[in-house]
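The values are calculated or read from the model by the stated rules, or taken from the named source; none is laboratory data. It should be emphasised that the depicted structure is a prediction, and the values quoted were computed from it without experimental measurement. So basically every Cβ, Gly included, is an ideal-geometry build from the backbone, and we count neighbours across all protein chains shown. Surface areas here come from the heavy atoms of the whole protein model, side chains and all, with no ligands, DNA or RNA. Shrake-Rupley method; radii C 1.70, N 1.55, O 1.52, S 1.80 Å.
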Number of protein chains: 2
Amino acid sequence: MPKDGAASPSHWKAFASRRRDPATKREAVLQTAAHLFLEKSYGRTSLNDVAERLNITKPALYHYFRNKEEILLECYRLGTGLIEEILNEIALHCGTGLEKVAAFIYSYANVMTVNFGRCVMRLDEGDLSSEAFAEVRTYKRKIDRRLRSFIQEGIEDGSITPCDPKIAAFSIAGAVNWICIWYEPEGELPAEEIASQFARTLTQGLARTTTNGGEREVSRQEPLP
Amino acid sequence: MPKDGAASPSHWKAFASRRRDPATKREAVLQTAAHLFLEKSYGRTSLNDVAERLNITKPALYHYFRNKEEILLECYRLGTGLIEEILNEIALHCGTGLEKVAAFIYSYANVMTVNFGRCVMRLDEGDLSSEAFAEVRTYKRKIDRRLRSFIQEGIEDGSITPCDPKIAAFSIAGAVNWICIWYEPEGELPAEEIASQFARTLTQGLARTTTNGGEREVSRQEPLP
DNA sequence: GTTTTTTCTTACCCACGGGTAAGATATCAG
DNA sequence: CTGATATCTTACCCGTGGGTAAGAAAAAAC
């Protein structure tokens, strides 16, 4: 799984020297920006805040980004890139629909513990311009479609109990997305443990019992009306 | 279930007359504020925006609230009040732990489709002062504890498969909380349908199969490592 | 060393929005 | 009707933060 450079990386080192190295400096800006966006939100993070952590001044940032929003958009792009990767990997490697869903939950949950991954679901899309907003929504829609197709596949191959894939996808995605809200990189729970527990808990909700000739049987109880 | 006054209620009528009726005017402010906070976020909603929708001017708002944050805090209070109500009701009425969890999901999901309810989980706690933040966190912790206790109860009475209640609660709460992100009051999906589908999907993940003498049996598959 | 280019700083502009002062206007009590 | 009170408006203050102008200082090119 992708990891950040360090626990609380001091990327100001990238700007210690004035040597021309735009690539690593640009990345340093993105890393600290993402960190601050997650810590204080985009709106409450000023460019002065970002610059301060890098031991430079605000206008210096404009050598690497056209404006504040471009920094935000780039965070989204890096995050969705991570997700896209795991999505493609799963579509190829795994077997049944249920296995794909489980693999999705596991990998996706892990991404939700990485800064750029967290940005994708935690940051407020409303801070984006309408064009950038549209772009991000395209990425997200793709993820949603992919998850729904995995579920649909599982229903068809019999590994998943028949259900409305749309609602089921919302349910799963919600559970996993919410990780980016409460997860703390310095906290007790290791990412891998969260990921595997979530994969188990959520898929068992979808898994069809194979006893009694394929007929699902759970302790009966309908919620209220 | 609690419902808002109308679909897109024009609460400016409350300020049409200058008759002294502070209570309903205060509520009108809260309703439109909550509406705007959910639409544009707290940070991007100016007091002028709120006032404009009520056909008054910004300073008039200060007759009903000390400052902007108090409006936000009041939204939180009303929302958590709704949740607290259903929580108490469930603790009394329902039977097994699993039934309580199911009832919780159903009722809680419904609250997440009501404006003040959505505010609780959708709005950014970081916009609150440290005291207000502490207050809100107390409410939220209470909800979390309650859910965990339902799960624990279910494990003890045998209605729920043994698991880590903490992780399970995060999973369930996440799925349901996320509703407040994607739910649109004017959308296709009716709230009750979402609620009941969620209750079913998520509890079946917890429900212990009663076949084979209490031994759980689902289609085997462990997610990655 | 000199020139050119990149990098970064100091100083500034300005729009926006929370909040206040002071006064006008309506409502109500008597 | 009159004075007191609640309600609301116009006009303003000012801190904050995104963004820019202009130039200094360091790196690289030669």
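Values as computed for the structure displayed
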{"quantity": "Residue satisfying condition, being under 24 Å from B:MET121 (Cα atoms) and either surrounded by 13 or more Cβ atoms within 10 Å (Cβ to Cβ) or not hydroxyl-bearing (Ser, Thr, Tyr) (or both), within set B:LEU92, B:LEU73, B:LEU54", "calculated": "B:LEU73"}
{"quantity": "Failed condition for B:THR210, given (1) open to solvent by less than 80 Å² (accessible area, probe 1.4 Å); (2) facing another protein chain (nearest Cβ under 7 Å); (3) modelled with pLDDT under 50", "calculated": "(1)"}
{"quantity": "Unique residue being among the polar types (S, T, N, Q) and within 13 Å of DNA strand D (Cβ to nearest atom) when the list is B:ASN48, B:ASN67", "calculated": "B:ASN48"}
{"quantity": "Residues of segment B:15-25 satisfying the condition of being farther than 15 Å from B:ARG53 by Cβ and in contact (Cβ under 8 Å) with a residue 12 or more places away in the chain", "calculated": "B:PRO22"}
{"quantity": "Residues being of a type outside the set (Val, Ile, Thr), within 14 Å of chain B (Cβ to nearest Cβ) and without any contact (Cβ under 8 Å) to a residue 40 or more places away in the chain - total across segment A:69-102", "calculated": "4"}
{"quantity": "Single unsatisfied condition, B:TRP178 versus (1) touching a Pro at 6+ places or on another chain (Cβ under 9 Å); (2) open to solvent by 10 Å² or more (accessible area, probe 1.4 Å); (3) within 7 Å of chain A (Cβ to nearest Cβ)", "calculated": "(1)"}
{"quantity": "Qualifying residue in segment B:127-136 (condition: over 22 Å from A:ALA175 (Cα atoms) and outside any helix (DSSP H, G or I))", "calculated": "yes"}
{"quantity": "Matching helices (runs of 4 or more DSSP H) fully within segment A:11-84 where at least 2 residues are out of contact with any Leu (no Cβ under 8 Å at 6 or more places or on another chain) and more than 16 Å from DNA strand C (Cβ to nearest atom)", "calculated": "A:22-40"}
{"quantity": "Restricting segment B:32-45 to residues that are within 14 Å of chain A (Cβ to nearest Cβ) and in contact (Cβ under 8 Å) with a residue 60 or more places away in the chain, the residue that is farthest from DNA strand D (Cβ to nearest atom)", "calculated": "B:LEU38"}
{"quantity": "Selection from segment A:111-126 of residues that are open to solvent by less than 30 Å² (accessible area, probe 1.4 Å), of a type outside the set (A, V, I, L, M, F, W, C) and more than 17 Å from A:GLY174 (Cβ to Cβ)", "calculated": "A:ASN115"}
